[in-house]
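Down below is the structure, laid out as structure tokens.
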Amino acid sequence: MSGVLGRTRLSWTTLAPALALLVLALSWGREISGVVVVLVAVFLVSAVLAAVHHAEVVAHRVGEPFGSIVLAVAVTVIEVGLIVTLMLAGGETAATLARDTVFAAVMITCNGIVGISLLVGAVKHGLLHFNPEGSGGALATVIVLAGTCLVLPTFTLGEPGPKFTAAQLAFAAVASLVLYAMFISTQTRRHRDFFLPVSVSGQVIDESDDHAAPPTTAMALTSLGLLVAALVAVVGLAKVESPAIESAVAALGFPPAFVGVVIALLVLAPESIAAAKAARRDRVQTSLNLAFGSAMASIGLTIPTLALASMWLPGDLILGLGATELVLLAMTVIVSVLTVVPGRATRLQGGLHLVLLAAYLFLSAKP
């Protein structure tokens, strides 16, 4: 065992988070350009890949659906910190930054992660099977959270513009926490089997028969620490890269809000890769857990945090979506329901979700 641990400590997955954090420390708060931008991007990608590896180690130790929850919550907590940091810095887009980031996360998870997982899995395995009870419950929670926090502010009358009053924001924050807590309780306790991979006949698959022995507690805790370090590096390096991204976005003639989309794509890359790898192993239920769990955490943790932080954050907090975004969200809801209800899917469903993601990305760049 000591030999295995020794090899683990010297592996690239151990070194990558540490080196990425070192690069982050050296580049934080500085203007970078040219070769340095490329170098930071290389370490950013290495941190993403390392995060995926360590998430898989933790998931193997704790089992599903706990592994998906660990990755989703870890990414979201760090993402919230990034949003608050950027809002404190102010700027033209500070008031809508939270809305743009959260909506980008919902579209990327519910269309991007779901779409690529279904497409990858269906190409290799044909017809995919998953549990409609668990996936349907997760999707319903995402819909209620998105409707409460992103749709209702557009239509409420208490404040001019698409934003909540203080009382309405407090209600949305409490409702988000309650819904998220209820879902986690359902997913991890009484109905945990709804969120486990299933066979063609609908029977829950015992994954202990498919893999090697789980890692030790010490190895899992080490990977958990390295996972957090890698995610901090991913978000931090994405922030370091943001000026270069902003320059590229401006040079292409895209609106400033598109920067948030690019950063969301970078931050959600670990979950996207982990979900695609699970789908290749014919574990699309794990992919859906990651996708919907990440969307849920992005809303259910971000909005309450910002509601509390709004007491000392400068400027307004605009959460309501515009007309184009509302249409895209409605289409996503309808297609997602039709995907989840049967409990099985083909590459067609994957293609539908990816086209919706492409429409979102295109209209974000060319509104």
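The values are calculated or read from the model by the stated rules, or taken from the named source; none is laboratory data. Just so it is clear, the structure is predicted and the values come from calculations on it, not from any experiment. Neighbour counts are summed over all protein chains in view; Cβ atoms, including those assigned to glycine, are modelled from backbone coordinates with ideal geometry.
If you scan segment 39-54, which residues turn out to be crowded, with 20+ Cβ neighbours inside 10 Å and among the aliphatic types (A, V, I, L, M)?
First pass over segment 39-54, keeping only residues crowded, with 20+ Cβ neighbours inside 10 Å: 40, 43-44, 46-48, 50-54.
Passing the criteria: Val40, Leu44, Ala47, Val48, Ala50, Ala51, Val52.
Matching residues to (1) over 20 Å from Thr346 (Cβ atoms); (2) over 20 Å from the mean Cα position of the chain (by Cα); (3) surrounded by fewer than 24 Cβ atoms within 10 Å (Cβ to Cβ):
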residue	(1), (2), (3)
Ala98	yes, no, no
Ile108	yes, no, no
Ile113	no, no, no
Ile116	no, no, yes
Val123	no, yes, yes
Leu127	no, yes, yes
Phe130	no, yes, no
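With the checklist (1) free of Cβ contacts under 8 Å to residues at least 24 places away in the same chain; (2) basic (Lys, Arg); (3) in a helix (DSSP H, G or I) in hand, flag the one item Lys124 doesn't pass.
(1)
Take the conditions farther than 24 Å from Gly136 by Cα, touching a residue at least 40 places away in the same chain (Cβ under 8 Å) and in contact with a helix residue (DSSP H, G or I) (Cβ under 9 Å, 6 or more places away or on another chain) and apply them to Thr339. Does it pass? Talk me through it step by step, then tell me what you get.
Working: farther than 24 Å from Gly136 by Cα: no; touching a residue at least 40 places away in the same chain (Cβ under 8 Å): yes; in contact with a helix residue (DSSP H, G or I) (Cβ under 9 Å, 6 or more places away or on another chain): yes.
Against the criterion (farther than 24 Å from Gly136 by Cα, touching a residue at least 40 places away in the same chain (Cβ under 8 Å) and in contact with a helix residue (DSSP H, G or I) (Cβ under 9 Å, 6 or more places away or on another chain)), Thr339 does not qualify.
Pick from Ala264, Ala295: which is closer than 25 Å to Val120 by Cβ, modelled with pLDDT of 85 or more and buried (at least 21 other Cβ atoms within 10 Å of the Cβ)?
Working: Ala264 fails: modelled with pLDDT of 85 or more.
None of the others qualify; the one that does is Ala295.
Which of (1) of a type outside the set (Phe, Trp, Tyr); (2) assigned to a helix (DSSP H, G or I); (3) in contact with a Gly (Cβ under 7 Å, 6 or more places away or on another chain) does Val261 not meet, given it meets every other one?
(3)
State all residues of segment 84-121 that are modelled with pLDDT under 75, in a helix (DSSP H, G or I), in contact with a helix residue (DSSP H, G or I) (Cβ under 8 Å, 6 or more places away or on another chain) and not small (Gly, Ala, Ser); if no residue qualifies, say none.
Taking segment 84-121 and keeping what is modelled with pLDDT under 75, we get 84-94.
Going one step further and asking which of them are in a helix (DSSP H, G or I), we end up with 84-89, 94.
Of the ones still in play, those that are also in contact with a helix residue (DSSP H, G or I) (Cβ under 8 Å, 6 or more places away or on another chain) are 84-87, 94.
Answer for segment 84-121, where residues must be modelled with pLDDT under 75, in a helix (DSSP H, G or I), in contact with a helix residue (DSSP H, G or I) (Cβ under 8 Å, 6 or more places away or on another chain) and not small (Gly, Ala, Ser): Val84, Thr85, Leu86, Met87.
Select from segment 267-286 the residues that are surrounded by fewer than 22 Cβ atoms within 10 Å (Cβ to Cβ) and in a helix (DSSP H, G or I) and list them in ascending order. Walk me through how you get there before you give the answer.
The initial filter retains those residues of segment 267-286 that are surrounded by fewer than 22 Cβ atoms within 10 Å (Cβ to Cβ), namely 269, 273, 276-277, 280-282.
Once the filter is applied, which keeps residues that are surrounded by fewer than 22 Cβ atoms within 10 Å (Cβ to Cβ) and in a helix (DSSP H, G or I), segment 267-286 yields Ala269, Ile273, Ala276, Lys277, Arg280.
So, in segment 236-258, of the ones that are small (Gly, Ala, Ser) and part of a helix (DSSP H, G or I), which residue ends up nearest to Ala291 (Cα to Cα)? If you could, list the steps in order and put the result at the bottom.
Residues of segment 236-258 that are small (Gly, Ala, Ser), as a first pass: 236, 238, 242, 244, 247-248, 250-251, 253, 257.
Right, trim to part of a helix (DSSP H, G or I) and you get 236, 238, 242, 244, 247-248, 250-251.
On the way: Gly236: 22, Ala238: 21, Ser242: 25, Ala244: 28, Ser247: 30, Ala248: 29, Ala250: 30, Ala251: 32 Å.
Residue satisfying both the conditions and the ranking: Ala238.
Being more than 13 Å from the chain's Cα centre (by Cα), at pLDDT 85 or above and surrounded by fewer than 23 Cβ atoms within 10 Å (Cβ to Cβ) is true for just one of Leu319, Leu227, Leu308, Leu301. Which residue is that?
Details: Leu319 fails: surrounded by fewer than 23 Cβ atoms within 10 Å (Cβ to Cβ); Leu227 fails: surrounded by fewer than 23 Cβ atoms within 10 Å (Cβ to Cβ); Leu301 fails: more than 13 Å from the chain's Cα centre (by Cα).
Answer to the selection: Leu308.
Considering only residues that are hydrophobic (A, V, I, L, M, F, W, C) and in contact with a Phe, Trp or Tyr (Cβ under 8 Å, 6 or more places away or on another chain), look in segment 115-145 and name the one that is nearest to Ala98 (Cα to Cα). Quick ask: steps written out before the conclusion?
Of all residues in segment 115-145, those hydrophobic (A, V, I, L, M, F, W, C) come to 116, 118-120, 122-123, 127-128, 130, 138-140, 142-145.
From the residues that got through so far, the ones that are in contact with a Phe, Trp or Tyr (Cβ under 8 Å, 6 or more places away or on another chain) too are 138-139, 142, 145.
Values: Ala138: 22, Leu139: 21, Val142: 17, Leu145: 15 Å.
Among those that are hydrophobic (A, V, I, L, M, F, W, C) and in contact with a Phe, Trp or Tyr (Cβ under 8 Å, 6 or more places away or on another chain), it is Leu145.
Given Thr154, Thr76, which one is in a helix (DSSP H, G or I), crowded, with 21+ Cβ neighbours inside 10 Å and among the hydroxyl-bearing types (Ser, Thr, Tyr)?
Details: Thr154 fails: crowded, with 21+ Cβ neighbours inside 10 Å.
Only one candidate passes the filter, namely Thr76.
Cβ-Cβ under 9 Å, sequence separation 6+ or interchain: first residue in segment 346-357 and closer than 10 Å to Leu119 by Cβ and in contact (Cβ under 8 Å) with a residue 24 or more places away in the chain, partner small (Gly, Ala, Ser) and not in a helix (DSSP H, G or I). Which pairs?
Close Cβ pairs (under 9 Å, with a partner that is small (Gly, Ala, Ser) and not in a helix (DSSP H, G or I)) amount to Thr346/Gly126; Arg347/Gly126.
Can you pull out every residue in segment 336-346 that is of a type outside the set (A, V, I, L, M, F, W, C) and modelled with pLDDT of 95 or more? Show your work before the answer.
Of segment 336-346, the ones of a type outside the set (A, V, I, L, M, F, W, C) are 336, 339, 342-344, 346.
Passing the criteria: Ser336, Thr339.
Could you tell me how many of the residues in segment 334-358 are more than 20 Å from His129 (Cα to Cα) and surrounded by fewer than 17 Cβ atoms within 10 Å (Cβ to Cβ)? Steps first, please.
So the first thing to find is which residues in segment 334-358 are more than 20 Å from His129 (Cα to Cα), and the list is 355-358.
Applying the additional criterion that residues be surrounded by fewer than 17 Cβ atoms within 10 Å (Cβ to Cβ) yields 355, 358.
Residues flagged as more than 20 Å from His129 (Cα to Cα) and surrounded by fewer than 17 Cβ atoms within 10 Å (Cβ to Cβ) within segment 334-358 amount to 2.
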